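S.K.: Before we start, here is the structure in question, set down as structure tokens.
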Amino acid sequence: MAAAWRVVIDTNTVLSAQLFVHGRLVLLRTTWQAGALTPLLCAQTVEELLRVLAYPKFKLTPEERDELLADYLPYGEVVAPWQSSPAVARCRDEKDQIFLDLAAVGAAQWLVTGDQDLLSLSGQVQFQIIAPAAAIELLTSPE
């Protein structure tokens with residue numbers, strides 16, 4: 001088996017892959033479950049995921065939130081905290097900077113996001129910043 005893709009997946013993309021079980025992003029979930037994609041995690045991105053899963057609009061019980069976390073976190077690789085900001089492009093939205101920093105420090109191949117503030121930085125970093133649809137295309141294209 002080829003080495004797994006090292007990727008940072010933004011929170012909204014993770015949620016879409018998990019909550020919409022018949023949606024187009026389910027392939028991301030089945031790919032991380034199969035070990036062909038390794039999500040990179042850090043304390044800040046996990047905290048954001050926990051916070052967003054608790055939003056009332058999702059109407060998730062604590063048990064459902066735990067189940068979703070158990071279907072994601074064990075497949076990830078935790079990147080140790082870094083002491084200084086990596087030399088990486090700055091995002092217009094400060095809240096999204098953590099995804100860029102994590103991708104740089106964790107030596108990600110991709111940052112998968114639907115966020116235009118992040119997508120606009122494509123080509124300005126050492127990893128690819130791609131939309132979920134592009135990630136799906138790359139994952140399903142023949143070698």
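S.K.: Would you check which residues across segment 108-143 are over 10 Å from VAL8 (Cβ atoms) and touching a Lys or Arg at 6+ places or on another chain (Cβ under 6 Å) and list them?
M.R.: Across segment 108-143, the qualifying residue is only ASP117.
S.K.: In segment 32-54, which residues are under 24 Å from ASP101 (Cβ atoms) and not aliphatic (A, V, I, L, M)?
M.R.: Once the filter is applied, which keeps residues that are under 24 Å from ASP101 (Cβ atoms) and not aliphatic (A, V, I, L, M), segment 32-54 yields TRP32, THR38, PRO39, CYS42, GLN44, THR45, GLU47, GLU48, ARG51.
S.K.: Restricting to helices (runs of 4 or more DSSP H) lying wholly in segment 1-120: which have 1 or more residues that are under 22 Å from SER141 (Cα atoms) and of a type in the set (S, T, N, Q)?
M.R.: In segment 1-120, 11-19, 26-33 are the helices (runs of 4 or more DSSP H) which contain 1 or more residues that are under 22 Å from SER141 (Cα atoms) and of a type in the set (S, T, N, Q).
S.K.: Could I ask something else about it? Looking at the structure I just gave you, is GLN97 without any contact (Cβ under 8 Å) to a residue 12 or more places away in the chain and exposed (fewer than 12 other Cβ atoms within 10 Å of the Cβ)?
M.R.: Judged against the criteria, GLN97 is not a match.
S.K.: Further question on the same structure: If you go through segment 68-114 one residue at a time, how many are in contact with a Ser or Thr (Cβ under 9 Å, 6 or more places away or on another chain), farther than 19 Å from ALA4 by Cα and among the charged types (D, E, K, R)?
M.R.: Of the residues in that region, 3 qualify.
S.K.: I'd like to verify a number: residues in segment 100-128 that are buried (at least 17 other Cβ atoms within 10 Å of the Cβ), touching a residue at least 24 places away in the same chain (Cβ under 8 Å) and under 13 Å from the mean Cα position of the chain (by Cα), how many? Lay out the reasoning, then the answer.
M.R.: So in segment 100-128, the residues buried (at least 17 other Cβ atoms within 10 Å of the Cβ) come out as 100-106, 108-113, 115, 118, 121, 125, 127-128.
Cutting the leftovers down to touching a residue at least 24 places away in the same chain (Cβ under 8 Å) gives us 100, 102-103, 105-106, 108-113, 115, 118, 121, 125, 127.
Now narrow it down to the ones that are under 13 Å from the mean Cα position of the chain (by Cα): 100, 102-103, 106, 108-113, 115, 118.
Residues flagged as buried (at least 17 other Cβ atoms within 10 Å of the Cβ), touching a residue at least 24 places away in the same chain (Cβ under 8 Å) and under 13 Å from the mean Cα position of the chain (by Cα) within segment 100-128 amount to 12.
S.K.: Taking the condition of being of a type in the set (Ser, Thr, Tyr), surrounded by 14 or more Cβ atoms within 10 Å (Cβ to Cβ) and within 18 Å of ASP115 (Cβ to Cβ), how many residues in segment 15-65 meet it?
M.R.: Here the count works out to 2.
Every number in this text was worked out from the coordinates using simple rules, so none of it is lab data. As the structure is a computational prediction, the values presented were derived from the model and not from experiment. As a convention, Cβ positions derive from the backbone with ideal geometry for all residues, glycine included, and neighbour counts pool all protein chains shown.
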